[in-house]
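*Asks:* The structure under discussion is supplied below as structure tokens; questions concerning it will follow.
All of the numbers you see were taken from the coordinates with simple rules; none came from a lab. Since we're looking at a predicted model, the values are computed, not measured. Cβ placement follows ideal geometry from the backbone for every residue including glycine, while neighbour counts extend to all protein chains displayed.
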Amino acid sequence: MRIPQRTPLVRILAAAAVSGSLLAPSACAFVEGGAKAVREFDDRRGSVAVSRGIDASDGYIPSGSSLSPADDTHSALANLEPALRAAMRSAAADAQADGIRMVVTSGWRSARYQQSLLDDAVWTYADEAEARRWVNTPDRSTHVSGHAVDIGPTDADSWLAQHGGRYGLCQTYANEMWHFELATAPGGTCPAQRADASAG
């Protein structure tokens, strides 16, 4: 599917917003108005989701919001695979002991929410193949199956990238530092990262 080209700036800034993550302020400091563009894209994504009737029951977490890993009520966490949820909570407690606050920016998603994210990514990137690098189809998404969680902020991502193997948690996509799956036994070695969501 091809639609008129968007500006490269929108493509770059949208990458983190589409996935449910936030860019660190320094990442867009070099572009005048960059942070504002990210906020506007995030707000558009959120208002589009809400206009489609997507809500917390679909795993939707509003733009700029996050959940405590200990949350037992929100469907984004309640519908995660139990072993993943337990590993994430154990990691979050140990990260806290190291002075790192870990939050969840996205977890389980309904198929219709995942499709909404993919539709928005196609609109943003003006190219379905590029959109698929960042957002999987509902039938292939590990968010939809409850086997993936997106973690923030950036220092928590870095901590988990270094220590996640202790809990079996691995960054599975090279282009998404926030996306973690239970991909090895606790204390095991994480598998090689796939380039992006379109790579298997």
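*Asks:* Among residues other than A199 whose Cβ falls under 12 Å from its Cβ, what is the net charge (Lys/Arg +1, Asp/Glu -1)?
*Replies:* The answer is +2.
*Asks:* Residues with amide H under 5 Å of S106's amide H, sequence separation 5 or more or different chain, H placed in the peptide plane at 1.01 Å from N; which?
*Replies:* D150
*Asks:* For region 180-187, what does the Karplus curve 6.51 cos²θ - 1.76 cosθ + 1.60, with θ = phi - 60°, yield as ³J(HN,Hα) per residue in whole Hz, taken in order and with x for Gly and Pro?
*Replies:* 10, 9, 7, 10, 8, 6, x, x
*Asks:* Right, here's the next one. For Cα pairs less than 8 Å apart in space and 6+ apart in sequence, what is the mean separation divided by the residue count of region 41-200, i.e. the relative contact order in percent?
*Replies:* Details: 288 pairs, mean separation 32.2, N = 160.
Once divided by the residue count of region 41-200, the mean separation gives 20 percent.
*Asks:* Applying the Karplus parametrisation 6.51 cos²θ - 1.76 cosθ + 1.60 with θ = phi - 60° to the phi angles of region 153-160, what ³J(HN,Hα) value in whole Hz is obtained for each residue in order, glycine and proline being reported as x?
*Replies:* 3J(HN,Hα) across region 153-160, in whole Hz: x, 4, 5, 5, 4, 5, 4, 5.
*Asks:* Measure out, as a whole number of angstrom, how far apart the alpha-carbon centroids of region 51-123 and region 150-171 sit.
*Replies:* 15 Å
*Asks:* Please list 3J(HN,Hα) in residue order for region 130-138, calculated via the Karplus relation 6.51 cos²θ - 1.76 cosθ + 1.60 where θ = phi - 60°; whole Hz, with x for glycine and proline.
*Replies:* 3J(HN,Hα) across region 130-138, in whole Hz: 5, 4, 5, 5, 10, 9, 7, 6, x.
*Asks:* Follow-up. Near S141, within a Cβ-to-Cβ distance under 15 Å, what is the net charge of the other residues, with Lys and Arg +1 and Asp and Glu -1? Mind showing how you got there, number by number?
*Replies:* Working: positive: R109, R112, R132, R133, R140, R194; negative: D58, E81, D119, D120, D139, D150, E176, E181, D196.
So the surrounding residues net to -3.
*Asks:* Here's another thing I want to ask about it. Among 66-73, 181-188, 103-110, how do they line up from the highest to the lowest mean number of other beta-carbon atoms within 10 Å?
*Replies:* Numbers: 66-73: 14.8, 181-188: 16.2, 103-110: 23.9.
Going by the mean number of other Cβ atoms within 10 Å, highest first, we get 103-110, 181-188, 66-73.
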